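I have placed the structure first, in the form of structure tokens, so that the comments after it can refer back to it.
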Amino acid sequence: MRVLVTGGLGFIGSHLVRRLLAEPDLEVVNLDALTYAGNLANLADCASDAHYRWERVSVADRAAVRTVFARYQPFDAVMHLAAESHVDRSIQSGLPFVETNVMGTAVLLEAAREYRAGRFVQVSTDEVYGSLGSSGRFSESSPLNPNSPYSASKAGGDLLALAAYRTYGQDVVVTRCSNNYGPYQFPEKLIPLWVTNGMEDKPWPLYGDGAQVRDWIHVADHVEGLWRVLQHGRSGEIYNLGARNERSNREVAATLLAMMGLLPSTLVPVADRPGHDRRYAIDPSKAESELGWRPQHNWEPALAETVAWYRTHEEWWRAIKSGAYREYYREQYRTLATVRAEPQENP
Ligand code: NAD
Ligand code: DAU
């Protein structure tokens, strides 16, 4: 079996590539442009695997994408993860998000049709459903109501994928997962940002009142769900993937502070993210009943293992944090020092 994975040098993509390569007789071609979020170190252990190839190509580059399909055809499956993935960056400028997440998805869908690839798995997010109040959960039939340029661009990609199923009968399945955590997550995202800041004696920025709720799932459970969807999902369907593990950001902070032996004053409220979604919660019962899939990781032990991974992989995250990321961090959190001077409520 030959699978084209896009975005395999990123956080979730690298876990997926490693999971696929564990299957006998499975070849992976990883199409990844190596943007700021991609990292060769994420797949250093696979680089010399005879079943693995990397092509440095942007999903939005139609000619280059067609060349990859022509070179390796036939692909038995396409698993599309490449994306601009960070909400805060999309607030700075939505254009790269439209280019990669909308245009890139359209280009890939077209190439997959032209070169008669097998199943196309569009890896998407619960953020396309928008924000919930204090009750309820998103099902696959919840209306699309994205609030950030990131989630709007992901919703655009999902609609193109579902339209390809209806218009051309293309074998498409869409997955929508909740917030992932685990090793190799780029430290712009909440958990690795706080954990690595903790190791650097830096404060933990908390947006707004910190009462926003996310449904946290370990990346290995997400990846296992994607593998099941590829094998057993029904064509044209959407599958929500989540762990029934809702935590407010203040709750995540309290757990991590205790795990890391840090003072509550480490947490520093800062200005809120514009359009900040209040709560996400996924109803994963369709994936559970149809695919026999269940998340296997329990929150506190898996979070402790994640903290331990960042402790034992300092060279991985220090290389990122000392590079171009420093400029982004300075710009994103430039209000931090002034807000920090005021007395703050602890979690
Ligand atoms: P990431 O930002 O860590 O990695 C993105 C990868 O895509 C990088 O390797 C990057 O180089 C590559 N990429 C970006 N633009 C590209 C382009 N134009 N052409 C080719 N490659 C490009 O992302 P992630 O957090 O691993 O997310 C992967 C996918 O899963 C995304 O589609 C995201 O929307 C989705 N998702 C993420 C989460 C989460 O919690 N992180 C949850 C649900 C869904
Ligand atoms: O729900 C799935 C989505 O989860 C994915 O589609 C996205 O790609 C992924 O980035 C993630 O989006 P979030 O915006 O939920 O993740 P982030 O880690 O950026 O933020 C998690 C929560 O923490 C959110 O409520 C914002 C808050 N936050 C974040 C940062 C970076 C802070 O309070 N302080 C911070 O410094």
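The values are calculated or read from the model by the stated rules, or taken from the named source; none is laboratory data. Please read these numbers as outputs of a predicted model, since none were measured by experiment. With ideal geometry, Cβ positions are generated from the backbone for all residues, glycine too; neighbour counts draw on all protein chains shown.
Looking across the range 43-79, the residues that are surrounded by 12 or more Cβ atoms within 10 Å (Cβ to Cβ), over 15 Å from Arg19 (Cα atoms) and among the hydroxyl-bearing types (Ser, Thr, Tyr) come down to Ser58, Thr67, Tyr72.
Applying the criterion of being part of a loop (DSSP other than H, G, I, E, B) and in contact with a strand residue (DSSP E or B) (Cβ under 8 Å, 6 or more places away or on another chain) to the residues of the range 260-276, the residue that is farthest from Ser135 (Cα to Cα) is Ala271.
Evaluated against (1) under 30 Å from Arg119 (Cα atoms); (2) assigned to a helix (DSSP H, G or I), Asn240 falls short on exactly one condition, (2).
Do we find that Leu257 is in a loop (DSSP other than H, G, I, E, B) and more than 16 Å from ligand 1 (Cβ to nearest atom) in this structure? It is false that Leu257 is in a loop (DSSP other than H, G, I, E, B) and more than 16 Å from ligand 1 (Cβ to nearest atom).
A search for C-beta distances below 7 Å between a residue of the range 166-186 that is among the hydroxyl-bearing types (Ser, Thr, Tyr) and outside any loop (DSSP other than H, G, I, E, B) and any residue that is near ligand 1 (Cβ under 7 Å from one of its atoms) and modelled with pLDDT of 95 or more, counting only pairs 6+ apart in sequence or on different chains, returns Thr175/Val123; Thr175/Ser124. Is at least one residue of the range 188-204 among the aromatic types (Phe, Trp, Tyr) and under 16 Å from the mean Cα position of the chain (by Cα)? Scanning the range 188-204 turns up no residue that is among the aromatic types (Phe, Trp, Tyr) and under 16 Å from the mean Cα position of the chain (by Cα). Per the listing Glu251, Glu224, the residue uniquely surrounded by fewer than 17 Cβ atoms within 10 Å (Cβ to Cβ), in contact with a Pro (Cβ under 9 Å, 6 or more places away or on another chain) and assigned to a helix (DSSP H, G or I) is Glu251.
Can you work out which of the residues in the range 116-141 that are more than 14 Å from ligand 2 (Cβ to nearest atom) and buried (at least 19 other Cβ atoms within 10 Å of the Cβ) is farthest from the chain's Cα centre (by Cα)?
Ala117
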